[in-house]
Amino acid sequence: MNANPTTAPSPDALTVRGACPHDCPDTCALLTTVENGVAVRVHGNPEHRHTDGALCTKVSRYTERTYHPERILTPLKRVGPKGSGQFAPIGWDEALDEIATRLKAIAARDPQAILPYSYAGTMGQVQSEGMAARFFHRLGASHLERTICAAAGGEGLVHTLGGKLGMKLEFFAEAKLILIWGSNSIASNLHFWRLAQQAKRNGARLVCIDPRRSETAEKCHEHVQLRPGTDAALALALMHELIVHDWLDHDYIAQHTLGWDALRERALQWPPERAAEVCGVPVQQIRDLARAYGTTQPAAIRLNYGMQRVRGGGNAVRAVACLPALVGAWRHRAGGLLLSASGHFPVQRAALHRPDLLAGRNPRTINMVTIGDDLLREASPDFGPKIEALIVYNSNPVAVAPESGKVVQGFAREDLFTVVLEHFQTDTADHADLILPATTQLEHWDIHTSYGHTDVLLNRPAVAPLGQARPNSAVFRALAQRMGFDEPCFADDDETLCRTAFGDTVDFQLLLDQGYATLPVPEAPFADGGFPTPSGRCEFFSARLVAQGLDGLPDHLPNFETAGSDPRHPLAMISPPARNFLNSSFVNVKSLRDIEGEPLLEMHTDDAAARGIGSGQMVRVFNDRGEYRCKAKVSQRARPGVVNGLGIWWRKLGPDGTNVNEVTSQRLTDLGRGPVFYDCLVQVEKA
């Protein structure tokens with residue numbers, strides 16, 4: 001974590017308020033120092049309580065990203081085979097004219113043959129899906145189901161708490177017990193970790209629940225190193241112990257929950273002995289954890305998305321989200337649970353995205369997780385038209401989507417017209433027909449929610465766009481004009497879009513004046529119940545899930561690829577993020593890549609010894625979907641039977657031009673249709 005620089009800026013320097021755009025719960029408030037039109041440093045805003053003047057190592061080096069020598073600063077047109085990375089500069093008018101011509105021809109046949117592909121390269125409401133959503137709605141393109149990160153967990157919360165809601169971040173500092181469940185907070189949630197450390201200094205006990213002995217696990221009092229995909233079993237066993245020892249808040253359960261009798265019956269089927277067998281942890285550790293949770297107030301759970309990237313990820317989140325209501329933790333402002341706070345934000349999505357531009361049309365939906373299969377599908381009555389055009393922005397699917405061998409095969413189609421809006425020539429950009437240079441966060445307007453706290457942040461451009469780079473919004477605005485879309489909404493400038501995002505629900509003048517505005521969220525949102533579910537209660541039992549033909553109660557669903565089920569591939573693999581990258585962002589920032597080193601596979605001593613593998617040796621990681629090569633690191637960070645393939649390196653930077661997603665699966669989670677990156681069996685051998 002980097003605090004404010006001590007070097008004094010020049011007398012003529014300007015300081016511009018902004019917001020970090022990246023897919024991280026902290027959503028930091030930035031201050032950019034500008035001298036002679038050049039951003040010379042980026043640091044945290046000390047006046048913003050959640051940022052408190054500090055940034056992670058990645059974002060503190062944001063100027064290296066903006067002024068990177070490999071930054072794309074002019075439109076590029078492919079002049080070699082797809083994937084070769086061979087391009088030549090062209091002008092903006094020529095590029096936009098060609099795109100519009102191609103899209104018009106395809107749309108005349110069926111606009112559903114055009115697919116946008118985007119995710120969280122920026123989390124801003126304007127440069128993500130502001131003008132882009134309007135464009136694709138007016139066009140009638142296929143919808144993209146954006147589920148690649150958080151969908152299972154989000155659905156789990158919706159069907160339990162009523163939305164992506166939870167305790168306020170700052171009150172973790174007052175908790176007496178904190179369960180950090182499925183999160184390496186030191187690497188991915190630094191500002192929460194500062195609060196956890198404050199609680200620890202005040203006597204709180206910290207417990208990390210994670211298959212990997214992460215940096216966070218090392219700093220906690222206890223580490224529960226369970227098998228991947230067994231979190232629901234652990235949660236149900238904790239419930240079992242809460243019941244049999246009567247560590248329950250009976251009044252809270254009676255007044256503010258639904259389905260207690262049925263959940264009680266299910267939980268009693270999960271004694272610690274059964275869960276210990278499934279989870280691969282000691283029975284006594286489960287009993288002791290239940291005792292601590294049932295007898296300590298206030299108790300808080302910081303849940304994160306790693307644990308929901310398996311077949312039963314949605315059910316696992318549901319099971320964990322039931323726990324605070326059982327012990328009445330929600331009565332305390334320092335008790336309860338936080339996975340995501342994003343449901344608190346009153347974003348005016350209809351006004352911003354304009355779904356009315358569909359004008360009654362109902363395009364098909366393509367799930368972004370299955371892009372590898374879907375790009376290879378022919379037209380059919382069930383699927384609809386073959387995908388003929390792909391517009392990629394804020395994402396690098398060739399690197400990040402599962403079963404990437406198929407993704408590459410699809411992107412290599414000569415009959416697929418692909419446009420990529422990017423800062424750098426990523427793996428995906430290498431497969432484009434046209435690359436359009438995008439602005440970075442220092443060069444455009446945007447407005448941000450957060451999923452880790454409850455402040456709205458405004459981002460102002462600190463410097464003019466470099467070279468010929470344009471904001472995403474400007475690209476889709478120009479394309480709309482060339483497509484003949486004459487609705488007035490396509491003339492909205494970016495500041496107008498920022499104002500539209502929240503309408504009158506947030507004081508925009510306050511955002512202009514200080515860069516952030518705090519939402520009026522209660523200190524203890526569910527102290528007196530009031531859950532935004534259909535029943536108004538915490539729903540242990542969900543009638544909405546039953547109506548979908550699903551189990552109304554949370555349960556443990558074994559992984560698709562359960563350890564021991566395939567003797568050819570005996571090792572479970574998870575692929576947590578490398579500490580100095582953020583998904584596939586920052587991989588090409590040399591100073592960060594130098595810290596990270598090279599692609600690694602962490603192996604437990606027993607698994608490495610059984611295969612004659614030592615640290616530093618090149619290994620082949622494989623299953624029936626594919627294979628990749630990297631160096632092994634024999635480490636106690638891995639538990640026996642589980643390997644950790646740290647990601648997400650760009651494929652082109654891997655030893656053989658591949659990465660960990662060669663072996664991951666396109667199957668989908670129980671709820672939310674999300675990915676199952678951590679539900680993956682492999683074998684490892686010396687290369």
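The values are calculated or read from the model by the stated rules, or taken from the named source; none is laboratory data. None of these values were measured; they are calculated from a predicted model. Neighbour counts run over all protein chains shown; Cβ positions are idealised from the backbone, glycine included. Side chains included, ligands, DNA and RNA excluded: accessible areas come from the protein's heavy atoms. Shrake-Rupley method; radii C 1.70, N 1.55, O 1.52, S 1.80 Å.
Being more than 30 Å from Met167 (Cα to Cα) and among the β-branched types (Val, Ile, Thr) is true of Ile435. Could you grab me the full set of residues in the range 429-443 that are outside any loop (DSSP other than H, G, I, E, B) and of a type in the set (Gly, Ala, Ser)? Passing the criteria: Ala429, Ala438.
In the range 115-227, counting only strands (runs of 3 or more DSSP E) that sit wholly within it, the ones holding 1 or more residues that are open to solvent by 10 Å² or more (accessible area, probe 1.4 Å) and either of a type outside the set (D, E, K, R) or touching a residue at least 60 places away in the same chain (Cβ under 8 Å) (or both) span 143-145, 205-209, 222-224.
Candidates Tyr628, Tyr678: the one that is open to solvent by 20 Å² or more (accessible area, probe 1.4 Å), within 24 Å of the chain's Cα centre (by Cα) and aromatic (Phe, Trp, Tyr) is Tyr678.
Residue by residue, here is whether (1) out of contact with any strand residue (DSSP E or B) (no Cβ under 9 Å at 6 or more places or on another chain); (2) not in a loop (DSSP other than H, G, I, E, B) holds:
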residue: Glu627; (1), (2): no, yes
residue: Arg637; (1), (2): no, no
residue: Val643; (1), (2): no, yes
residue: Trp649; (1), (2): no, no
residue: Lys652; (1), (2): yes, yes
residue: Thr658; (1), (2): no, no
residue: Ser665; (1), (2): no, no
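Selection within the range 549-573: residues that are over 24 Å from Glu602 (Cβ atoms) and hydrophobic (A, V, I, L, M, F, W, C). The member of this set that is surrounded by the most Cβ atoms within 10 Å (Cβ to Cβ) is Leu553. Here the condition is being under 27 Å from Asp23 (Cβ atoms), open to solvent by 20 Å² or more (accessible area, probe 1.4 Å) and at pLDDT 95 or above; of Arg287, Arg291, Arg309, it holds for Arg309 alone. On inspection, Thr33 qualifies as free of Cβ contacts under 8 Å to residues at least 40 places away in the same chain, buried (at least 19 other Cβ atoms within 10 Å of the Cβ), under 20 Å from Trp445 (Cβ atoms) and not basic (Lys, Arg). Among residues of the range 539-557 that are of a type in the set (Lys, Arg), those with a beta-carbon under 8 Å from a residue that is part of a loop (DSSP other than H, G, I, E, B) and open to solvent by 20 Å² or more (accessible area, probe 1.4 Å) at least six positions away or on a different chain give the pairs Arg544/Pro534. If you go through the range 376-406 and keep only what is buried (at least 24 other Cβ atoms within 10 Å of the Cβ) and either over 28 Å from Ala469 (Cβ atoms) or free of Cβ contacts under 8 Å to residues at least 40 places away in the same chain (or both), you end up with just Pro402. Against the list (1) over 24 Å from Asp231 (Cα atoms); (2) touching a residue at least 40 places away in the same chain (Cβ under 8 Å); (3) crowded, with 20+ Cβ neighbours inside 10 Å, the condition Ala608 fails is (2).
Looking only at the range 336-373, which residues are under 27 Å from Glu170 (Cβ atoms) and part of a loop (DSSP other than H, G, I, E, B)? Once the filter is applied, which keeps residues that are under 27 Å from Glu170 (Cβ atoms) and part of a loop (DSSP other than H, G, I, E, B), the range 336-373 yields Leu339, Ser340, Ala341, Phe345, Pro346, Val347, Gln348.
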